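Everything below concerns the one structure shown next.
What follows is calculated from the coordinates using simple rules that are stated; it is not laboratory data. Here the structure is a predicted model, which is why all the values come from computation and not from measurement. Every residue, glycine among them, receives a Cβ derived from its backbone with ideal geometry; neighbour counts consider all protein chains shown.
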C-alpha cells in the first residue's frame, strides 16, 4: 500500500491517463474525420511505444525484468483495438503477430522451466517430506526442496508463492501453530493484534461483493464476469492463506538464526552474528520514504496500525524475501510481538551466548 502513494505512481498514472484520454478524445471529435492514416500510426506509437516506455521508467526500471515490457506492449495494443475505430487497424494487423511472437518466445522458455519442474517433481516431493531443516514451516521446506533440484528463477519463485498460498488457504486448517524444536524459541505476534479480525472482515466483504458484482457484470459481459470472479476467488484464497500463515508461523529464534515470517508476503532469515542491536522502538509512527527503503515493516495490518515495539538493526544489509520473488535489502526490521519484552530478552540472550562462543 505504501508504494501506491509514492509520487512516481502518481506521475505514472497521470501520464498514462493523459495518453489514453487524448487518443480516445481525438477519435470522438467530428472535426477530425475522415481520419488520416498518420493519426492511426501515431495512436499505435502511443500505445505500443510511449506507454511501455513510461511504464519502464516509472515502474520497471531497476525493479522488475525488462521482459514485462512485452506484456505491457500487448496490453497497449489491446487498448488500441478498443479505442481506434474498427477498420482503421487493418493496415497494421501484422503488429499483433510480432508482439505475440515475442511473448511466445518467453513463454516457451518458461514452459521449459515448468517441464524441468514436472520431471523432477517426485524427487522434490520426496525431499520435501524427508528433509530436516532448522525450521519445519512450509515455505522453508519448499524452498529447500526446490533449491536442491532447480536453479532459481522468477517463474519458480512465483510458482512457489502460489503453492504456499494454496497450502495455507486449503490444506492447513487442521494444523497447529509451530512449536519449539531443538531448543528454538517461538514468539507469537498476532494474539494482541486485530489483524486476523481485520482480514476476516475483508474476506466477508469480498464474498458479498463477489456474489452481487458477478451477477451484475454477467448481464453486461459474461467473459468479464468470469474473469472478475476468478480474480475474486484468487484474492479470497490469498487472504485465507495470510490468516493461516500469521496464525501458524510465529517468530523463531534458533542458536544461529532469527526467522521472521509475516504471513505469506514477507520472510527474513537473519544470522545472529549480523545483528547489531535489539532495542525498543522510540521513533516516529511513520517513516520517511528514504527510511522505508532500508527497513522491513513486520508489523501486521490492523484497523488502526500499531506502532512497532521492537527494532532490530544489522551490521550489513540483509535480503528480505517478499511474495512472488521480489527482494528487498534492509538494514533494520521493525516488529511487534505479543510479548515484546520477552522477545527482546530471549533474542539478547541468544546473542550473548553466540558472542561468547
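Suppose R0 equals 25 Å; then what is the FRET efficiency for residue 61 and residue 316 from their Cβ-Cβ distance, rounded to the nearest 0.05? Before the final figure, lay out each step's value.
Working: r = 26 Å, r/R0 = 1.02.
Once the sixth-power term is evaluated, E becomes 0.45.
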Please give the FRET efficiency for residue 29 paired with residue 224, using the beta carbon to beta carbon distance and R0 = 30 Å, rounded to the nearest 0.05. 0.60
Does region 282-357 come out rounded, prolate or oblate, given a ≥ b ≥ c as the square roots of the eigenvalues of its C-alpha gyration tensor, rounded meaning a/c under 1.5 and, failing that, prolate meaning a/b above b/c? oblate
Using Cα centres only, tell me the gap between region 283-357 and region 166-244 in whole Å. 25
Potential extension, residue 294-residue 339 segment - 0.36 nm per residue separation minus Cα distance: 13.7 nm
May I ask what percent, to the nearest 5, of DSSP beta bridges between residues of the chain are antiparallel? 90
Answer label, with Cα Rg over 2.2 N^0.38 Å calculated from the coordinates and candidates (1) 0.94; (2) 1.01; (3) 1.19: (3)
Residues in region 327-357 that a label on residue 306 would reach, taking backbone N under 18 Å of a point 7 Å out along Cα→Cβ: 333-347
As I understand it, the value is the acute angle between the Cα axis of helix 154-170 and the longest principal axis of the Cα atoms of the chain; what does it come to in degrees, rounded to 10? 70
Output row, site residue 10, 7 Å Cα→C-beta label point, backbone N cut-off 14 Å, window region 273-299, residues 289
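Which shape class, rounded, prolate or oblate, goes with region 122-170 when its Cα gyration tensor gives a ≥ b ≥ c as root eigenvalues, a/c under 1.5 marks rounded, and past that a/b bigger than b/c marks prolate? Don't skip to the end; give the middle numbers.
Numbers: a/c = 1.66, a/b = 1.09, b/c = 1.53.
It is oblate, given that a/c is not under 1.5 and a/b is not larger than b/c.
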Expected max-MSF residue from 257, 279, 28 in the GNM of the chain (alpha carbon, under 10 Å) is 28
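Full-extension gain between residue 256 and residue 326, please, as 0.36 nm times their residue separation minus the C-alpha to C-alpha distance.
On the way: separation 70, 0.36 × 70 = 25.20 nm, distance 2.49 nm.
Extra length from residue 256 to residue 326 when fully extended: 22.7 nm.
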Compute the long axis of helix 340-355 from its Cα atoms, compare it with the longest principal axis of the Cα atoms of the chain, and write down the angle in degrees, 0 to 90, nearest 10. 70
Crossing angle, helix 121-130 versus the chain [Cα axis fit, 0-90 degrees, rounded to tens]: 20
